[in-house]
Structure formats: C-alpha cells, structure tokens
1. Being within 16 Å of ligand 1 (Cβ to nearest atom) and over 20 Å from F94 (Cα atoms) is the requirement here; does P193 meet it?
2. Identify the single condition in (1) in contact with a Pro (Cβ under 8 Å, 6 or more places away or on another chain); (2) closer than 22 Å to R37 by Cβ; (3) part of a loop (DSSP other than H, G, I, E, B) that V190 does not satisfy, given that it satisfies every other one.
3. Give the residue, chosen from S28, S34, that is in a loop (DSSP other than H, G, I, E, B) and more than 16 Å from ligand 2 (Cβ to nearest atom).
4. Would you pick out the residues in the stretch 174-202 that are of a type in the set (S, T, Y) and either under 25 Å from I10 (Cα atoms) or surrounded by fewer than 19 Cβ atoms within 10 Å (Cβ to Cβ) (or both)?
5. Take the residues of the stretch 116-167 that are outside any strand (DSSP E or B), free of Cβ contacts under 8 Å to residues at least 24 places away in the same chain and closer than 27 Å to V100 by Cβ: which is farthest from ligand 1 (Cβ to nearest atom)?
6. Do any residues in the stretch 220-248 that are over 20 Å from P198 (Cα atoms) and in a helix (DSSP H, G or I) have Cβ atoms under 9 Å from those of residues that are at pLDDT 95 or above and charged (D, E, K, R), where the two are at least six apart or on different chains, and which pairs are they?
7. State which residue pairs qualify: first residue more than 13 Å from E224 (Cβ to Cβ) and inside the stretch 1-19, second residue in a helix (DSSP H, G or I) in any location, beta carbons under 7 Å apart, and separation of 6 or more residues or different chains.
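The values are calculated or read from the model by the stated rules, or taken from the named source; none is laboratory data. Worth saying up front: this structure is predicted, and the values here are computed from it rather than measured. Here the Cβ positions follow ideal geometry from the backbone for every residue, glycine too, while neighbour counts run over all protein chains shown.
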Amino acid sequence: MEIEFSDKFIRALKNAKRVVVSTGAGVSAESGVSTFRGEDGLWKKFKPEELATYEAFEKNPKLVWEWYQHRRDIINKIKPNPGHYAIVEMARYFKRFHLVTQNVDDLHREAGSNDIIELHGNIKRNRCINCGTLNYEVEFEQIPPRCVCGGKLRPDVIWFGELLPLEALERAEDASKTCDLFFVIGTSGVVQPAASFPIIATRQGAFVVEINIEPTELTFVANEHFHGKSGEILPLIVDKIKTIKEKI
Ligand code: BJW
Ligand code: ZN
C-alpha cells in the first residue's frame with residue numbers, strides 16, 4: 001500500500017512540536033478485539049445498558065462479571081498490531097507527545113507506549129466498590145469476587161453515566177488545548193467526553209488528522225482524513241515522519 005501525502009499534511013508534520021494521538025476500538029480491531037458499534041460491534045449482540053452501567057452491575061453482577069471475564073480471556077491471548085507499534089515509534093519524533101485512549105485492552109502498553117492517558121480505565125484491573133482498592137488477579141473462587149474488606153470487586157473500567165478519572169480527563173483536555181497536531185484514530189466519535197477532544201484541538205488551531213475505515217461523527221473537524229485500517233496507514237505515516245524529522 002502507498003499513500004500520496006498532501007502538501008498540507010506534510011507541512012503539518014514538519015511544523016508539529018506538540019502531538020496528541022487519540023485512539024478508539026478500531027486501533028485494536030486488527031489485533032482481534034471487537035469494536036462496539038457497527039455491523040460486528042459488541043453493541044449489536046449485547047445491550048450496553050445491561051452490561052456497561054453501574055445499575056447493570058448492581059442488578060446482575062454475575063452476568064456483568066462473566067461478560068468481562070470472557071472479554072479478558074480474548075484480550076489475554078492477543079497481541080498489539082502494527083498500528084500500536086507505529087504509535088510507539090511516532091512518539092520519538094516530537095518534542096511533546098500524548099497518547100490518549102478510550103481503549104481498556106492495555107495493548108498500547110504492551111506495544112511499548114508509556115504514560116498512556118486511559119480515559120475509560122483498564123479491563124485487566126479490578127476495583128473494590130467499597131474501599132476502592134485495586135486488584136489485578138485473574139482467577140477467582142467466586143463471581144463476583146470480593147475484596148478483603150468484603151466489598152464486591154468490579155472491573156476498573158468506566159461505564160455509561162460514570163465520571164472519567166479526573167486526572168486523565170484533565171491531562172487529555174490540557175493536551176488537546178495546547179497541541180498543534182491531533183490524530184483521531186479508530187473511534188466512531190460518539191462517546192463523550194472523548195469525542196470532544198478533537199473539536200477542542202481544532203478550535204485552538206491544531207491540524208486534525210483522522211484515520212478510520214469509514215467517515216465518522218468527527219470527520220467534519222478533520223483537516224485530513226485517511227480512509228483505511230490504522231494498522232496499515234500508521235506505519236506509512238511514521239515512515240514519512242522519519243524522512244522529514246530527527247529523532248528527539
Ligand atoms: C477502524 C478499524 C481499523 C474499525 N482501523 N478504524 C454529552 C452528550 C450526550 C451524552 C453524553 C454527553 N456527555 C456524557 C454523555 C453520556 C455518555 C455518552 O457519551 N453517551 C453517548 C453514547 C450518547 N458518556 C458517558 O456516560 C461518560 N461519562 C460521562 O461523561 O460522565 C459525566 C456525565 C454522565 C452522564 C451525563 C452527562 C455527563 C462515560 C463513557 C464511558 C464509555 N464506556 C465504554 C465501555 C468501557 C468499558 C468496556 O470496554 O466495556 O467505553 S462504551 C464504549 O464506547 C467503550 C469505548 O471506549 C467507547 C468508544 O467507542 P469507540 O472506541 O469509538 O468504538 P466504536 O466501536 O464506537 O468505533 C470503532 C471505530 O473504529 C469505528 O468508527 C470504525 O469504523 C473504526 N474502525 N476497524 C481504523 N482497522
Ligand atoms: Zn474493599
């Protein structure tokens with residue numbers, strides 16, 4: 001695959017010093033993680049209100065746990081894809097670089113990215129609903145498992161209606177306000193507040209680049225839209241960056 005990069009995109013790459021990469025489920029799709037929306041998405045088979053809300057967990061903790069254990073079993077067997085690795089490489093060419101993700105699958109960390117801003121938590125971690133203690137066990141004697149304090153453990157992810165972790169939210173907002181190049185990759189752009197970050201960036205004058213296999217709710221803010229798979233397009237973009245920039 002080859003891409004003819006536009007002059008405006010090359011100029012934006014050359015000039016960029018502060019970069020944000022914001023990722024969604026599509027970035028992990030080529031690793032074998034299901035996306036949420038669309039034809040093969042999780043929300044076609046399961047109802048979000050029955051699985052991804054605190055009310056659902058209160059009503060049927062066993063069902064919610066089993067669904068998350070099933071997804072963990074899949075995630076534990078898969079590997080990052082060339083898109084994840086390209087993002088690790090990309091970070092080396094910019095003075096300031098922030099990776100913001102809605103993904104809970106930990107694949108960016110596994111690929112080698114560090115200091116990842118996780119907006120929706122991490123599926124590999126659990127948290128006590130009572131005392132907040134974090135827990136990384138993978139096998140449990142009872143479902144839902146209990147914390148030493150007796151409280152129920154829940155997956156440490158952000159469900160609908162829940163506040164995002166404050167530090168992650170503030171860092172993502174701040175990075176979006178002050179960047180000059182913003183990549184929005186593999187997200188349908190419908191879930192707030194994550195979907196507002198590219199809009200914040202564009203308002204402050206950043207160049208916004210979207211990579212997606214289809215147009216999205218955010219395509220209208222993009223100065224450049226790459227139509228295709230992130231695992232194919234990101235490595236080509238990083239190759240281009242290498243030809244025009246020095247490693248930091
Ligand atoms: C590829 C590809 C390839 C495929 N290459 N691309 C303002 C207005 C309206 C509503 C709200 C609002 N503010 C808050 C809300 C409520 C709600 C919300 O946004 N609802 C909308 C859906 C209407 N937001 C919240 O509740 C958030 N909390 C909050 O804001 O608190 C304060 C508040 C509460 C209530 C009211 C007001 C304020 C919390 C959101 C938590 C989201 N949680 C989930 C589950 C996480 C745990 C789990 O994994 O189970 O997070 S839902 C799910 O959606 C998951 C994802 O992170 C998130 C985003 O999905 P994503 O990543 O975009 O995936 P898809 O599937 O949608 O898209 C994949 C894309 O990839 C597609 O475009 C494909 O084309 C593309 N693709 N292969 C490139 N190879
Ligand atoms: Zn506890």
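1. Numbers: within 16 Å of ligand 1 (Cβ to nearest atom): yes; over 20 Å from F94 (Cα atoms): yes.
When the stated conditions are applied, P193 passes them.
2. That leaves (1) as the condition not met.
3. Details: S28 fails: in a loop (DSSP other than H, G, I, E, B).
From the options S28, S34, the qualifying one is S34.
4. Step one: list which residues in the stretch 174-202 are of a type in the set (S, T, Y), which gives 176, 178, 187-188, 196, 202.
Correct list: S176, T178, T187, S196, T202.
5. Per the criteria, the residue is T133.
6. Qualifying pairs under 9 Å: G231/E30; E232/E30; P235/E89; V238/E89; I241/E89; K242/E89; I244/K14.
7. Sorted first by the residue in the stretch 1-19, then by its partner, the pairs are M1/E232; M1/L236; K14/I244; R18/T178.
Table: residues versus (1) touching a residue at least 12 places away in the same chain (Cβ under 8 Å); (2) over 24 Å from L51 (Cα atoms); (3) touching a helix residue (DSSP H, G or I) at 6+ places or on another chain (Cβ under 9 Å).
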residue	(1), (2), (3)
H84	yes, yes, yes
V88	yes, yes, yes
F94	yes, yes, yes
R109	no, yes, no
N114	no, yes, yes
